[in-house]
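Report on the structure given below.
The values are calculated or read from the model by the stated rules, or taken from the named source; none is laboratory data. Note that the structure is predicted; figures quoted are calculated from it, not measured. All Cβ positions, glycine included, derive from the backbone under ideal geometry; neighbour counts span all protein chains shown.
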Amino acid sequence: MNRYKYEVRSALIGFISFLLLWQLLHLTISTRVIPGPIDVIVYAFEIPVLLLMHSGASILRIGTALIISLIIGIPTGILLGENKMIRSLFSPLLYFIYPIPKVAFLPVLMILYGLGNTSKVMLIIWIIVFQIMLSVRDGVVGIDRISFDSFGVLLSMFK
C-alpha cells in the first residue's frame, strides 16, 4: 500500500507542477494564444456536450484506424514471419519506411484525401500498421518450428 501512496503522490505533484508551469508560461507571455489553466478548466465545464462530441469523434477515428491496422498488420506480419522469400523482399522496404516520422506524411495524405476524417484515419493507420506488422513478424519468427507442425496436425484432425 505504501508504494500506491507514493505513486499517487508523485502523479499529483507532477500534475500540479505541470499546471504551475503552464500558469507561469501564461503570465510570462501574456497573450491570448496561451490561455491560463484555470480559464481552460472553466471553459471545459461550460461546454461539456461539445467536448464529449469531439472526443467521441476522435475515439471513433482511432478505433476505425486500429481495426483496419489489425486487419492489415496481423496477416502481413504472419506472412512476413513465415515466408523467408517475402521477408527478404519486403524487409528492406519496411526498414526504410519505419523510421520516417509519420507526421511527415500528413501533408501528402491531406492532399490525397482532403481535410476530412479519411486523411486523419489514414495517418493513424500509417502510424500503427508498421508496429503491428513488425511485432507479429518477430513473434512468428520466434516460434519454434515444432509448434507450427503440431498446430497443423491439430487442424488436420478437424477436417
Being assigned by TED's automatic domain parsing to the domain that holds F18 and either farther than 30 Å from I16 by Cβ or not aliphatic (A, V, I, L, M) (or both) narrows P92, P35, P75, P99 down to just P35
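Take the conditions in a helix (DSSP H, G or I) and modelled with pLDDT of 95 or more and apply them to M53. Does it pass? Spell out the reasoning first.
Numbers: in a helix (DSSP H, G or I): yes; modelled with pLDDT of 95 or more: yes.
The answer is yes for M53.
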Could you tell me whether the stretch 127-134 includes any residue that is under 16 Å from I72 (Cα atoms), assigned by TED's automatic domain parsing to the domain that holds R61 and polar (S, T, N, Q)?
yes
Subset of the stretch 27-38, residues within 30 Å of the chain's Cα centre (by Cα) and either assigned to a helix (DSSP H, G or I) or on the phi > 0 side of the Ramachandran plot (or both), comes to P37, I38
Here the qualifying pairs (Cβ atoms under 9 Å; residues six or more apart or on different chains; first in the stretch 61-81 and touching a residue at least 24 places away in the same chain (Cβ under 8 Å); second surrounded by fewer than 14 Cβ atoms within 10 Å (Cβ to Cβ) and not in a helix (DSSP H, G or I)) come out as G81/I143
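Condition test on R87, is it touching a residue at least 60 places away in the same chain (Cβ under 8 Å), touching a helix residue (DSSP H, G or I) at 6+ places or on another chain (Cβ under 6 Å), surrounded by 13 or more Cβ atoms within 10 Å (Cβ to Cβ) and of a type outside the set (G, A, S)?
Values: touching a residue at least 60 places away in the same chain (Cβ under 8 Å): no; touching a helix residue (DSSP H, G or I) at 6+ places or on another chain (Cβ under 6 Å): yes; surrounded by 13 or more Cβ atoms within 10 Å (Cβ to Cβ): yes; of a type outside the set (G, A, S): yes.
It is false that R87 is touching a residue at least 60 places away in the same chain (Cβ under 8 Å), touching a helix residue (DSSP H, G or I) at 6+ places or on another chain (Cβ under 6 Å), surrounded by 13 or more Cβ atoms within 10 Å (Cβ to Cβ) and of a type outside the set (G, A, S).
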Picked from the stretch 70-99 (must be modelled with pLDDT of 90 or more and either under 17 Å from the mean Cα position of the chain (by Cα) or not in a helix (DSSP H, G or I) (or both)), the residue nearest to G142 (Cα to Cα) is I74
